[in-house]
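Following: one structure in structure tokens, then a few remarks.
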Amino acid sequence: MIAANLPALQVVIPLLAAPLALMLRRGSLSHLLALLVSVVSLLISYSLLQAVLTSGPISYAMGGWEPPWGIEYRVDAINAFVLLIVSVIGTVVMLAARTSVAAEIQEKKQSLFYTAYLLCLAGLLGITTTGDAFNVFVFLEISSLSTYILVSLGRDRRALTAAFQYLIMGTIGATFILIGVGLLYMTTGTLNMLDMAARLAPLTDSRTVQAAFAFLAVGTSLKLALFPLHLWLPNAYTYAPSMASAFLAATSTKVAVYVMLRFFFTIFGVEFSFDVMPLGIIFMALALLAIFAGSLVAIFQDNVKRLLAYSSIAQVGYMMLGVSFATQTGLVAAILHLFNHAMMKGGLFLALAAVCYSTGGTSIANFRGLGKTMPWTMMAIVLGGLSLIGVPLTVGFVSKWYLVLAALEQGYWPVAVLVLLGSLLAVIYIWKLVEAAYFQAPDEGAVVVKEAPLSLLLPTWILIGASIYFGIDTNLTVSAAESAAAALLGTGVQP
Amino acid sequence: MSTTLGLYNYWIVIFLMMVGLYIVIAHPNLIKKIVGLNIFQTSVFILYISMGKVKGGAAPILDDAVTVYSNPLPHVLILTAIVVGVSTTALALALIVRINEAYGSVEEDEIHDQDAPL
Amino acid sequence: MIASEMLMAPEILMPVILVLPVIAAILIRVTGNNPNLRETVTLITSVIVFLLLIPLAAEVLSGGRPTLILAEPFPGMPLQLTLEPLGMIFALIAGFLWPITSIYAIGYMRGHHEENQTRFFMLFALAISVTLGVAFSGNLFTLFVFYELLTLSTYPLVTHAGTEAARKAGRVYLGILIGTSVAFLLLALIWTWFLAGTLDFIPGGILEGTASPAMLSVLLLLFFFGVGKAALMPFHRWLPAAMVAPTPVSALLHAVAVVKAGVFTLLKVSLYIFGPELILGLPVTEFLSYLVAASILLASLVAMTKNNLKARLAYSTISQLGYITLGALLGVTGILGGSLHIVMHAFGKITLFFAAGAILVAAHKTQISQLDGLGRRMPVTFAAFTLGALSIIGLPPTGGMWSKWYLLQATLETHQLVLLATLLISSLLNIAYLLPIPLRAFFAKGNTDQTAGIQEAPLLCLIAISITSVMCVALFFFPQFWYELASMAVR
């Protein structure tokens, strides 16, 4: 009975746990609940993935109401993979959260943090599981609102303005998605994704559908922080509490990419999106700009959290570049990078949380001498940085490989060269950190720094270790990405 | 109904949408931004609701005498969206209260000036 | 009996040889507080590694090509170790010179009172492991992996001093090496995969007929400029920059391991990816060989202007690497000559660097102008220097003559008289910038105040220098072993 209801439980459990976390006044109890729920979500995601890999897509009718009139939760190769990513990151971050949150957030607000986290987790899992277009909007707003709360809990007062700016831009983006869904409903009369896809096929000449396409493109691009709609991201990641940054950096843009893939590949179909509408060119141009603008700006940052935030903007550019090719290899590269970037950035932000915990700040000055005083943390940052650069034997290399291969397959020489040049920019900003940590002595009168506690180190190394492991043994990730890409490209009416 | 004037509901939607977006972008006062956001969201609500009206349709309450009903689904969707909108507004206003405590102002440029030298 | 036979199986020996230096690195870290114990770990491991290479060489000479697949990150593109003659040559010189350099390094580091010696020896062992990985690589992907790891593992050695100058040099080092490898080499790699569907090293090449000569020419250029470790101008600046490292690092890594990894890569690409015949037929080859010739001559000319001994030797290395790069473009005989030059140059250059370091430790002198008359105080050092110089120049009775011989023959075979002239002029330039040093050291009237009280280099340094300089001469009389391996590779 439980097994049959897993898709619903995936979302409902974190959702119900959220008010519970609020009622548990003590931060440590809320944390325990959040950790438990994250682990349960992980188990559910894993079993869903197993089920999908063995027996194909799972369709679940919420409340017993049959689709396409009822809300359908549909888990197939793509979202099972994304579900796994979100719940893995959630669990690992929760393992580390106790120490870091206790250090950065006042006692009376800690349970609020975990409440918002659980709501965010529920929202992200809901976006991923659902097969109904409007439901996506609902969960999108749930996760966004809780994200605004998470960001605003940061220590610096700029967290408040960052949350506010994110709120404005995020709401506009979500409302654009709502408009797009509304226009689609107007033309097709259904909100179920697969039903919509079937009904849209003959309607592609309609101006309404094209308008819906445009609104959805802008709305999703804003959510996934595609240049130039990325302005909310640097401030939000920089001023949020370290654990919030870690969780958000590794999940929120990934889920937004998933939403974009759903809308443009499953619902609109690859022919309409890329042959009729110029989505490929637009995404390619913006992605390349994102890669270079993001990396260049990152080089000049003094705050390392902001540096990694701009690096994330560049990495989203890589994902979108893969999408813009609209080929099997291109999509594989994009989906692979979804997973790989989650590992890399999650690990890097967790390591950064350790630095923040031990040194009290995250500017380059805080990094001086860390090579000696926090060797394990720095080693994790170096390895994560090498993965960002794309050194072989790391996950970053695997994504880059497929991306360049996809470009070469299409004959896009300049793009291949630009991708590799972008990696070189990453060398510069990673090496800033390396030099500060290993070549410079700590400032006079600075706080005496000790290595981070195990509760922070272990989760960091789990993610960093994963980013090395999956760079060598790519079977799981590549095969998952391949089936996901095939499912996205070969979409039409699904049985 | 398919004449330009006949599509007056869409014109209203577009007008409200533009007004709302303009206020969000142009006004430095944070509370006014939220008002603008609300107007923007309201335009979308009107879009949905007005598309639900079927020509010659009655209110969607089951009655044997009625043959054509207006579509109740958009209303349901909009109820959800209104709730979302209200939550967003509440959260935004709470943030503004905190911002006012921290900065002593709710004007965007004044806040920006206070942060700039940091 | 069976167990030890299994243990000695080449497929097992290869990963064992790669792992041993890593284990040594860990042990060095652990015994860091006891310098003598720590040094013993290095010495014993390096000797064991060399001894284990011997049965592998026997296997390769008898025609075996042991292969081991470590992992398969990409379908159809495994991390694979395959031993073939060229790789064996490289592995043997790296394996032989590691213990020698360790002996030298112990004498040097102690004599110079260097800091962070534990870290030094640890990283040294790791770098050797990676170098051997390059030698054992069975396909281009594996080679690339170890190539990048080599850059990363030698960076801390280059910046060992931790000073501002070291940091800046490290940036140049890393910037050029990673820049060229990511922008050009990786592109070439993926393109090759795209064209040929494989990255395996196959005799005769894998690219025949996969693309137009124009495209293959571009690919060739990408490879040759992408291998920054071959120090082909204009991507050569990292070599003189890396001279900021302690001399044992310069000696082994930048006269032997790192630079040889570069030209080794080029030779393997020429031999097994393109194939010598294909290269000779490409339109760009002649142009490229002129570029290489220019690099050879320019580097020699610059070497003549350098007063700093290590800088002069660095530019000499750039020039000598050009010889091997040129050989890669000149067909089978050229590749043969290049392979031999890997050996001869390694021994010759390492002798010269050892001498430079000895002069630094014993006499605290770095500039050539200060060396007048020093030879009378440090006769062993400068005698060794002379032998190394002769090998670099290519004169008998040193081994360098043989590799030069085959390279000159290759230019004649391909009717490249310009290149022939380049090699001959370069030899003359070599004489001009190398021989005056020992001549003035022995025969010039030195400043007795300066040279008073200077003794010979530490004993361990002298032992190392003597071994390598004797090898330079021995290679003249007994080059057959290396010739066997090299000609097996090009057959």
Quick check on A:Leu463: is it surrounded by 15 or more Cβ atoms within 10 Å (Cβ to Cβ), assigned to a helix (DSSP H, G or I) and more than 14 Å from chain C (Cβ to nearest Cβ)? yes
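Are any residues in segment C:143-155 more than 10 Å from chain A (Cβ to nearest Cβ) and open to solvent by less than 10 Å² (accessible area, probe 1.4 Å), and if so, which ones?
Residues of segment C:143-155 that are more than 10 Å from chain A (Cβ to nearest Cβ), as a first pass: C:143, C:150, C:153-154.
If the condition is that a residue be more than 10 Å from chain A (Cβ to nearest Cβ) and open to solvent by less than 10 Å² (accessible area, probe 1.4 Å), then C:Leu143, C:Leu150, C:Thr154 are the ones that fit.
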Can you spot a residue in segment A:351-369 that is more than 12 Å from chain C (Cβ to nearest Cβ) and among the basic types (Lys, Arg)? yes
When restricted to C:Gly262, C:Gly197, C:Gly205, C:Gly162, the only residue away from chain A (no Cβ under 14 Å), more than 23 Å from the chain's Cα centre (by Cα) and not charged (D, E, K, R) is C:Gly205
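Only one of A:Leu405, A:Leu458, A:Leu454, A:Leu393 is touching a Phe, Trp or Tyr at 6+ places or on another chain (Cβ under 9 Å) and surrounded by fewer than 24 Cβ atoms within 10 Å (Cβ to Cβ); which? Let's see the steps before the verdict.
Numbers: A:Leu458 fails: touching a Phe, Trp or Tyr at 6+ places or on another chain (Cβ under 9 Å); A:Leu454 fails: touching a Phe, Trp or Tyr at 6+ places or on another chain (Cβ under 9 Å); A:Leu393 fails: touching a Phe, Trp or Tyr at 6+ places or on another chain (Cβ under 9 Å).
Result of the check over A:Leu405, A:Leu458, A:Leu454, A:Leu393: A:Leu405.
It is to be established whether one or more residues within segment C:216-228 are away from every other protein chain (no Cβ under 11 Å) and part of a loop (DSSP other than H, G, I, E, B).
So the first thing to find is which residues in segment C:216-228 are away from every other protein chain (no Cβ under 11 Å), and the list is C:216-217, C:219-221, C:223-225, C:227-228.
Adding the requirement that they be part of a loop (DSSP other than H, G, I, E, B) leaves C:227.
Looking through segment C:216-228, at least one residue is away from every other protein chain (no Cβ under 11 Å) and part of a loop (DSSP other than H, G, I, E, B).
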Which numbered condition trips up B:Asp113, out of (1) surrounded by fewer than 16 Cβ atoms within 10 Å (Cβ to Cβ); (2) touching a Pro at 6+ places or on another chain (Cβ under 9 Å); (3) of a type in the set (Asp, Glu)? (2)
Within segment A:79-117, the count of residues that are closer than 17 Å to A:Pro7 by Cα and not aromatic (Phe, Trp, Tyr) comes to 9
Within segment B:70-89, which residues are open to solvent by less than 70 Å² (accessible area, probe 1.4 Å), of a type outside the set (S, T, N, Q) and more than 14 Å from the chain's Cα centre (by Cα)? B:Pro72, B:Leu73, B:Pro74
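Looking at A:Ala309, A:Ala314, A:Ala326, A:Ala342, which is the one that is on the phi > 0 side of the Ramachandran plot and either under 15 Å from the mean Cα position of the chain (by Cα) or open to solvent by 10 Å² or more (accessible area, probe 1.4 Å) (or both)?
Only one candidate qualifies: A:Ala326.
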Test B:Val106 against the criterion of being over 25 Å from A:Asn135 (Cα atoms), at pLDDT below 90 and over 19 Å from the mean Cα position of the chain (by Cα), and give yes or no. yes
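Applying the selection to segment A:139-159, what residues are among the hydrophobic types (A, V, I, L, M, F, W, C) and in contact with an Asp or Glu (Cβ under 9 Å, 6 or more places away or on another chain)? Break it down into steps so the answer makes sense when it comes.
Taking segment A:139-159 as the starting set, the residues that turn out to be among the hydrophobic types (A, V, I, L, M, F, W, C) are A:139-140, A:142, A:145, A:149-151, A:153, A:159.
A:Leu153 - this is the single residue of segment A:139-159 that is among the hydrophobic types (A, V, I, L, M, F, W, C) and in contact with an Asp or Glu (Cβ under 9 Å, 6 or more places away or on another chain).
So which of A:Val382, A:Val419 ends up being assigned to a helix (DSSP H, G or I) and more than 24 Å from A:Gly330 (Cα to Cα)? Steps first, answer last, please.
Values: A:Val419 fails: more than 24 Å from A:Gly330 (Cα to Cα).
Checking each option against the conditions leaves just A:Val382.
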I'd like the residue in segment C:165-184 that is within 17 Å of C:His254 (Cβ to Cβ) and small (Gly, Ala, Ser) and, out of all such residues, is surrounded by the most Cβ atoms within 10 Å (Cβ to Cβ). C:Gly170
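Among A:Ala246, A:Ala225, which is open to solvent by less than 10 Å² (accessible area, probe 1.4 Å) and either on the phi > 0 side of the Ramachandran plot or assigned to a loop (DSSP other than H, G, I, E, B) (or both)? Can you show your working first?
Working: A:Ala246 fails: either on the phi > 0 side of the Ramachandran plot or assigned to a loop (DSSP other than H, G, I, E, B) (or both).
Of the residues listed, the single one that is open to solvent by less than 10 Å² (accessible area, probe 1.4 Å) and either on the phi > 0 side of the Ramachandran plot or assigned to a loop (DSSP other than H, G, I, E, B) (or both) is A:Ala225.
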Out of all the residues in segment C:131-142, is one or more β-branched (Val, Ile, Thr) and open to solvent by 30 Å² or more (accessible area, probe 1.4 Å)? no
For the subset of segment A:7-61 comprising residues that are buried (at least 18 other Cβ atoms within 10 Å of the Cβ) and of a type in the set (Ser, Thr, Tyr), which member is farthest from A:Phe139 (Cα to Cα)? A:Ser30
If I filter segment B:42-71 down to residues being among the β-branched types (Val, Ile, Thr) and part of a helix (DSSP H, G or I), which single residue comes out as nearest to the other protein chains (Cβ to nearest Cβ)? B:Val44
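Would you say B:Asn38 is open to solvent by less than 80 Å² (accessible area, probe 1.4 Å) and closer than 21 Å to A:Met169 by Cα? Before you say what the answer is, go through the steps one by one.
Numbers: open to solvent by less than 80 Å² (accessible area, probe 1.4 Å): yes; closer than 21 Å to A:Met169 by Cα: yes.
So B:Asn38 fits the description; yes.
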What number goes with the only condition from (1) open to solvent by less than 10 Å² (accessible area, probe 1.4 Å); (2) within 26 Å of C:Ala183 (Cα to Cα); (3) of a type in the set (Val, Ile, Thr) that A:Ile428 does not pass? (1)
Are any of the residues in segment A:398-416 under 18 Å from A:Ile299 (Cβ atoms), part of a helix (DSSP H, G or I), facing chain C (nearest Cβ under 10 Å) and not acidic (Asp, Glu)? no
When you check A:Pro442 against the structure, is it more than 22 Å from the chain's Cα centre (by Cα), surrounded by fewer than 16 Cβ atoms within 10 Å (Cβ to Cβ) and more than 9 Å from every other protein chain (Cβ to nearest Cβ), yes or no? no
Under 30 Å from A:Ala441 (Cβ atoms), assigned to a helix (DSSP H, G or I) and within 11 Å of chain A (Cβ to nearest Cβ) - does that describe any residue in segment C:179-194? yes
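Select from segment A:141-154 the residues that are open to solvent by 10 Å² or more (accessible area, probe 1.4 Å) and either of a type in the set (S, T, N, Q) or more than 9 Å from every other protein chain (Cβ to nearest Cβ) (or both) and list them in ascending order.
Start the filter on segment A:141-154 by keeping residues that are open to solvent by 10 Å² or more (accessible area, probe 1.4 Å), which leaves A:142, A:145, A:149, A:152-154.
Of everything in segment A:141-154, those that are open to solvent by 10 Å² or more (accessible area, probe 1.4 Å) and either of a type in the set (S, T, N, Q) or more than 9 Å from every other protein chain (Cβ to nearest Cβ) (or both) turn out to be A:Ser152, A:Leu153, A:Gly154.
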Return the pair list, or none, for Cβ contacts closer than 8 Å from residues in segment C:271-293 that are closer than 19 Å to C:Gly228 by Cα to residues that are open to solvent by 60 Å² or more (accessible area, probe 1.4 Å) and not aliphatic (A, V, I, L, M), at least 6 apart or on different chains. C:Leu271/C:Pro203
Do we find a residue being more than 11 Å from chain B (Cβ to nearest Cβ), within 21 Å of A:Ala97 (Cα to Cα) and modelled with pLDDT under 95 anywhere in segment A:155-165? yes
Check C:Ile393, C:Ile437 and return the single one that is in contact with a Leu (Cβ under 8 Å, 6 or more places away or on another chain), crowded, with 18+ Cβ neighbours inside 10 Å and closer than 19 Å to C:Leu340 by Cβ. C:Ile393
Taking C:Leu81 as meeting all but one of (1) assigned to a helix (DSSP H, G or I); (2) surrounded by 24 or more Cβ atoms within 10 Å (Cβ to Cβ); (3) at pLDDT 90 or above, write down the number of the exception. (1)
Take B:Leu7 and tell me if it is surrounded by 13 or more Cβ atoms within 10 Å (Cβ to Cβ) and in contact (Cβ under 8 Å) with a residue 24 or more places away in the chain. no
Considering only residues that are of a type outside the set (Val, Ile, Thr) and more than 9 Å from chain A (Cβ to nearest Cβ), look in segment B:72-100 and name the one that is farthest from A:Val151 (Cα to Cα). B:Pro72
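The values are calculated or read from the model by the stated rules, or taken from the named source; none is laboratory data. Because the structure is predicted, anything quoted here is derived from the model rather than measured. So basically every Cβ, Gly included, is an ideal-geometry build from the backbone, and we count neighbours across all protein chains shown. Heavy atoms of the whole protein, side chains included, go into the accessibility calculation; ligands, DNA and RNA do not. Shrake-Rupley method; radii C 1.70, N 1.55, O 1.52, S 1.80 Å.
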